[in-house]
1. Tabulate in residue order the Karplus-calculated ³J(HN,Hα) for segment 120-131, using 6.51 cos²θ - 1.76 cosθ + 1.60 with θ = phi - 60°, rounded to whole Hz; enter x for Gly and Pro.
2. Amide H to amide H under 5 Å from residue 31: which residues, 5+ apart in sequence or cross-chain, H placed 1.01 Å off N in plane?
3. Within 12 Å, Cβ to Cβ, of residue 87, how many net charges do the neighbouring residues add up to if Lys/Arg are +1 and Asp/Glu are -1?
4. Residue by residue through segment 79-95, which ³J(HN,Hα) values in whole Hz follow from phi under the Karplus form 6.51 cos²θ - 1.76 cosθ + 1.60 (θ = phi - 60°), with glycine and proline marked x?
Amino acid sequence: MKKVFFPLILLLILPTAARAQEQEDPCPEAETTVEINQCLKQRYEQADAELNRVYRAVTAHIDEADSMPAETRQQWKNQLREAQRHWIAFKETDCLEVVAYEWWQGSGATAATLGCMIEKTESRTNALKERYGIE
C-alpha cells in the first residue's frame with residue numbers, strides 16, 4: 001500500500017507542467033514523506049543551480065553585446081537584475097505562502113511548496129534560455 005500511496009501523492013502535488021515534462025516518478029526510491037521531501041529539496045537545489053548558471057550566461061551575453069555602449073549594457077543588466085528580484089519575490093510568495101495556505105496543516109504541504117518552487121524555477125530557466133539562446 002505504501003509503495004502505491006506515496007507516488008500517488010507525488011502525482012497530486014507536483015504541478016501539471018512539471019508532470020508533463022517528467023513522465024516518470026521524480027523520486028522513484030522515496031517511500032516516506034520525509035524521503036519525498038528530501039528528494040524534492042534536492043531537485044529544487046539542482047533547478048536553482050541551473051537557473052543561476054543560465055542567469056550568469058545571460059549577463060555574459062549582455063556584456064558581449066558590443067553594438068551598444070557600455071552604459072546601455074549596464075542599464076540592461078540592471079533592469080534584468082531588477083526583473084529577477086521581482087520574479088524571486090513572486091516565486092517565494094506564491095509557493096512558500098499561497099501554496100502553504102492551500103495545504104494548511106496537511107502532510108503534503110512541504111512537497112507541494114517544493115513542487116511549486118521546482119516548476120517555477122524550471123520555467124524561468126527555460127524562458128531565459130529561449131530569450132537569449134542559452135544552452
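Every number here is computed from the coordinates shown, using simple stated rules; none is lab data. This one's a predicted model, so the numbers in the text were calculated from it and none came from an experiment. Cβ coordinates were reconstructed from backbone atoms using ideal geometry, including for glycine residues, and neighbour counts include every protein chain displayed.
1. Calculated HN-Hα couplings, in order: 5, 5, 5, 5, 5, 4, 5, 5, 5, 4, 5, 5 Hz.
2. Distant-sequence amide H within range of residue 31: 36.
3. Working: positive: 81, 85, 91, 120, 124; negative: 82, 92, 94.
Net local charge, residue 87 excluded: +2.
4. Computed from phi, the couplings for segment 79-95 are 5, 4, 4, 5, 4, 5, 4, 5, 5, 4, 4, 4, 4, 5, 5, 5, 7 Hz.
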